[in-house]
Each structure stands twice: as C-alpha cells, then as structure tokens.
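All remarks here apply to the structure that follows.
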Amino acid sequence: MDSQHWRATITAAQSGDRQALDELVAGWLPLVYNIVGRALNGHADVDDVVQETMLRAVDNLGSLRDPDSFRSWLVAIAMRQIRDRARRRTADPLPEAPAADFAELTVLRLQLEGQRREVAEAARWLDDEDRQLLSLWWLEVAGELTRRELAAAVGITRQHAAVRVQRMKERLETSRGIVRALDGACPDLRELTGRWDGRPDSVWRKRLARHIRGCGYCGDTPESVVPAERLLVGIALVPLPVGFTLSLAFGGKTAVAATSAGWSAKLLGALTKPAVAMTAGATIVAGGAYVVTQPPDAPPPRAAVTPTATATSERPPSSAPPAPEPSPSVTKKADPYGTVVDAVDRAPDPDARPAALPRRPESGLTSTGGPKAVMQHRGDSVTLTGQGYVLVRWQISPKSRPGALVMPSWTGLKGRLFHVASGGWRRMDDPLPGAPNGYVTGMGGPAIGWAVLPPGTQQMWQNEYFYLDGTVTLTQNERGCDYGLTVFPSSWEAADKDINEGPEQGAIRYGLVRDTGTDSAPVPQYVTRSTPADPATVPQRSRV
C-alpha cells in the first residue's frame, strides 16, 4: 500500500468509516509497539504506554489537518507518552517490575545473528534518554522514519538531532564492545565482573569500557566491525507478541474529549452503536470499545513505512492449509508487457508433464551475491544483471516462527523480467511424505503453525525460475513467518531438467511451464520499476 492509500484511509477514518479506522489502528500499531518497546526495553509499562498512545491518537484524529503528517504526528504522541511515563516514575517511584527485555525479544523474534544480534543486545547498556533516541534512530536507518520525523518527535531541530544521534551512536558502539567482551573468555574480565549482578547500568558500562580500552584481549576484535546503521537496515519491526491485546474504550469522558478534539459526530455515532465489526485483527464491539487482538493463532501484522493490514486468512482447522480457489489467468494475448497473473492457481496433476519450455537468448547473468546468494533476514538483497535464467529456491520455517508471510519483491527493474517455470518436484503446499518434525506441508502443520500467504498470492513452488533481460534487485522482506531464499544464476537446460523430473524419480509432481515465449508471459508478482525505500511496500498487483 502506498502513501496515497494511507492518505485516503486516514481521511475516511476521520469521516467516520469504521473499517478505515480499524485498518489504521491495526496497520500502525506495530510501529508504536516497537518505539515504546525499545525505549522502555520491554518494561511492564510498555503495554500501558502503547495503549495510551493509540487512545490519544484515535481521540485526536479529527484534529489532524494533514493526513501526510500522520506518521510523524503518531510518533510524537508516542514519545510524549514515554516521557510522561518517565516523569511519573520520578515523582512517584514504584518498585520496578522485571523487564521483559526487548533486546532479547528482538534477537529471538527477528532471528538476529552475529553483529546484528550484538547491536540489539547493546541497547541494554544505554541510559533511558539514549534508548528513547535509539528507538527512533533504529527506525530511521531502517527506512521507517525520516530525520525530520525523528527530530520532531524528540522536539529539537534537525541540526541538534544530528549531534544527539552521533553521541548516542558513540555510546552504542561502546556498548557493542561490552557485549563482545562479555561473550569472550578474558580472565581479568571474569574477575572484574565477579561482583556484578548481571543487570546493565551506566556505572558498569563505564567500568567495563575502561577495562576494554586497556585490555589487549578484549580490545582485539577478530572481525571488522560493521557500522550499526548498515546492520539495522531492513530489520526494524519486531512482530507483536502472541496474545497482545489493545483496548481503546470510547464512552463518558473519552467520548467528550474526542468531540472537543474535533472528531466528527458521524464517527462517534458509528463507534457507540451496539455492533461488532471485525477486519484485520481489530474489533469495534458493543458499547463503544475498540479492541485490537493478536490471538495465538493469528499471524503477526505487517507494518512498514506504509504498513498494510494483515491477511485475514485463518489457520485451517484440519491438518492441511486452505485449498486455493482456482482462478483463470488475467493475462490476455493482446496485453502489453507488464501484466501479471494476480490470482491463485491450481496445482497441476502430479502425473501431468509440463509443456515445452520456450528457449530464450542467454548471454549470462551476473549476481551481486555470486553463484549462490543466501538471503535469510529482512533487507537481504541481490541484484541481477544480464540476460538469462535465474532460480529462486524457497525454504519456509514456520517451526521457527509461523504466521503471515511478507513476500519478497523485485525492484528497480530495467528491461524485462518473466516468471517462466516452477519446479523443485513440489509446490510448497504439497503434503510431505512422513510429515517430519510437525510439518504436514512445506507451509507448516497444526503442530508448529502455518505460513500464511497474503490474499491473492500465487502459491510458490520449491524452485521458481525467472528470465531476466536487463537488471533487477530481489529483496527478502521477512516479517512474520521465517523464510529464506537462495538465488542462483541458472540456465535453460537446468530449468528444463528440473521441471521434467516427475513422480517416477520420487518427486511429488512434475513442474509447470508458465512461459509463452513472448511478452505475454507473466511477470512475477511484487515487481516494480521503482526503488522504494522499503521494498516490502511493493503492491502485489504489479504493473511494470
């Protein structure tokens, strides 16, 4: 969904459209949850601050004059609530509840490794003010916020924000050094930390930093240290936790406040009618309560620079994913290049041999990922250039993290790109022999959960073949269900051999030819000639 869509959604919500308000809250809730979660490092107050932020945003939605400023306006509200919470703690100190530790949650939910894990864990060592700034800067470098929005949220100029960010980054790098050292085996450091209770704070940060500066063992970094901003690109949003519930109640003083803020009577009337509306995980219930729930079986919502509501598909009650409805191709012979089959297709009969695969010219492809580019994390990408075939191999891991699957996208296309064949001996929703490790199909099973595709997305096969004549970048947009992609420059011979290896070789089914040999062949879904800041925002219905 692009900014134009969200502008229309915000305007509709201000005019009383209940479904638009539902989509607005569900779409932007993950952004607020991540800002508050990182700023408070998962403290028990996170849920309360998130709820208060969203309540104030909904209450005052009518006062927003420019829908294009919604994101910066919402972030500023979140930061005010974080600061108000800090002031309340100072004025009326209460016993600290154990922290849920957002750093650990970030590592686990986003499957971070190496120096990316190190950056996430270093956040524990920052003071409250730095951690608040980090919560915004992390989103900035990941493309979720602009520097102007960061500065506005903190209430300072962009020039002052640059200074503040630089100082915070210096302390973050110091904290990264501490994380590395604590993972090491320095005997002097073990002796020093013998009196430490294991809870990061500024006093121990300074003690450990002094030790590291003077220690040849701890100061010797075996690998080059990648700047934090390069590591954080594309890994901004931690999915909402299972069971997360947000309740925004309208009634009494809250309704009066909303009216005084300029919210339309039409919207208030819609909210206070005894009715139930359910879309995208958000519910308006009788009595005027607005509830957003993340039930245990629901996939985590997708939200990015311009977030979209999650798919409303439910996990099937049976042991297999929901069967796709057959739909005819929308590609017509007279259509120019750039059309795409935006429809779920039916799997061919296992014994049906594929049609002949047209042979296109091959002068060779170059790949920035080399002969085998493995993309395991959100933001990983590979750029392909030349003329020839490319294989994209899928590996889905709902056992690690089931839920909504945000599809990879093709961006910056120059030239032509076709989806020519599908192989690998099976579709990802084919039953797996023996159903190992809780899987029923490649999309998961009831024991581990399901990978859920966005509505209208073609079911992918284990191997998907494409033909490129030009240049394009493929980006892994993992957010929700875990998946990996391996990208190989390939050839017509390899594709033809793959799709013609059928059940007699122990495979589940023969492959499928999609190429017509002309420009009427389908292009991939999620492809664009533009280069968006967040590739995950590329719409499914591609027009290139």
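Pairs under 8 Å by beta carbon, first residue within 11 Å of Ala152 (Cα to Cα) in region 68-85, partner part of a helix (DSSP H, G or I) and open to solvent by 20 Å² or more (accessible area, probe 1.4 Å), six or more apart or different chains?
Hits for this filter: Ser72/Arg148; Ser72/Ala152; Val75/Ala152; Ala76/Ala152; Ile77/Arg56; Met79/Gln132; Met79/Val154.
Filter region 28-71 for residues that are open to solvent by less than 20 Å² (accessible area, probe 1.4 Å) and hydroxyl-bearing (Ser, Thr, Tyr); which is farthest from Leu133 (Cα to Cα)?
Checked region 28-71; the qualifying residue farthest from Leu133 (Cα to Cα) is Thr53.
Looking at Arg207, is it at pLDDT below 80, part of a helix (DSSP H, G or I) and either among the acidic types (Asp, Glu) or open to solvent by 90 Å² or more (accessible area, probe 1.4 Å) (or both)?
no
Evaluate the following for Gly214: is it of a type in the set (Gly, Ala, Ser) and open to solvent by 60 Å² or more (accessible area, probe 1.4 Å)?
yes
Please enumerate the residues belonging to region 353-364 that are surrounded by 13 or more Cβ atoms within 10 Å (Cβ to Cβ) and of a type in the set (A, V, I, L, M).
Answer for region 353-364, where residues must be surrounded by 13 or more Cβ atoms within 10 Å (Cβ to Cβ) and of a type in the set (A, V, I, L, M): Ala355, Leu357.
Tell me the residue from Arg56, Arg38 that is under 21 Å from Leu145 (Cβ atoms), modelled with pLDDT of 85 or more and basic (Lys, Arg), please.
Arg56
Do we find that Arg164 is modelled with pLDDT under 90, assigned to a helix (DSSP H, G or I) and charged (D, E, K, R) in this structure? Break it down stepwise before answering.
Working: modelled with pLDDT under 90: no; assigned to a helix (DSSP H, G or I): yes; charged (D, E, K, R): yes.
No.
So Ser542 passes all but one of these: (1) modelled with pLDDT of 90 or more; (2) in a loop (DSSP other than H, G, I, E, B); (3) over 21 Å from Pro348 (Cβ atoms). Which condition number does it fail?
Result: Ser542 passes all but (1).
So Arg87 fits all but one of (1) assigned to a helix (DSSP H, G or I); (2) at pLDDT 85 or above; (3) over 30 Å from Gln376 (Cβ atoms); (4) not small (Gly, Ala, Ser); what number is the exception?
With respect to (1) assigned to a helix (DSSP H, G or I); (2) at pLDDT 85 or above; (3) over 30 Å from Gln376 (Cβ atoms); (4) not small (Gly, Ala, Ser), Arg87 is out only on (2).
Quickly run through region 184-204 and pick out the residues that are in a helix (DSSP H, G or I) and of a type in the set (Asp, Glu).
Just the residues of region 184-204 that are in a helix (DSSP H, G or I), to begin with: 187-195, 202-204.
Across region 184-204, the qualifying residues are Asp188, Glu191.
Counting only residues that are polar (S, T, N, Q) and assigned to a loop (DSSP other than H, G, I, E, B), which one in region 494-539 is most open to solvent (accessible area, probe 1.4 Å)?
Thr531
I'm told Ile156 meets every condition in (1) of a type outside the set (Asp, Glu); (2) farther than 30 Å from Met375 by Cβ; (3) modelled with pLDDT under 85 except one. Can you identify the failing condition by its number?
Result: Ile156 passes all but (3).
Which numbered condition trips up Leu74, out of (1) at pLDDT below 90; (2) touching a helix residue (DSSP H, G or I) at 6+ places or on another chain (Cβ under 9 Å)?
(1)
Considering only residues that are surrounded by fewer than 17 Cβ atoms within 10 Å (Cβ to Cβ) and part of a loop (DSSP other than H, G, I, E, B), look in region 403-447 and name the one that is modelled with the lowest pLDDT.
Ala435
Working only within region 127-153, note down all residues that are touching a Leu at 6+ places or on another chain (Cβ under 7 Å) and either in a helix (DSSP H, G or I) or farther than 16 Å from Val36 by Cα (or both). Let's see the steps before the verdict.
Just the residues of region 127-153 that are touching a Leu at 6+ places or on another chain (Cβ under 7 Å), to begin with: 134, 136-142, 144-145, 150, 153.
Result: Leu134, Leu136, Trp137, Trp138, Leu139, Glu140, Val141, Ala142, Leu150, Ala153.
Could you run through region 400-441 and say how many residues are farther than 27 Å from Asp534 by Cβ and of a type outside the set (Phe, Trp, Tyr)?
The qualifying residues number 19.
The values are calculated or read from the model by the stated rules, or taken from the named source; none is laboratory data. What you see is a predicted model; the values in this text were computed from it and never measured. Cβ sites come from the backbone with ideal geometry, for glycine too, and all protein chains shown count toward neighbours. All accessible areas refer to the heavy atoms of the entire protein, side chains included, with ligands and DNA or RNA removed. Shrake-Rupley method; radii C 1.70, N 1.55, O 1.52, S 1.80 Å.
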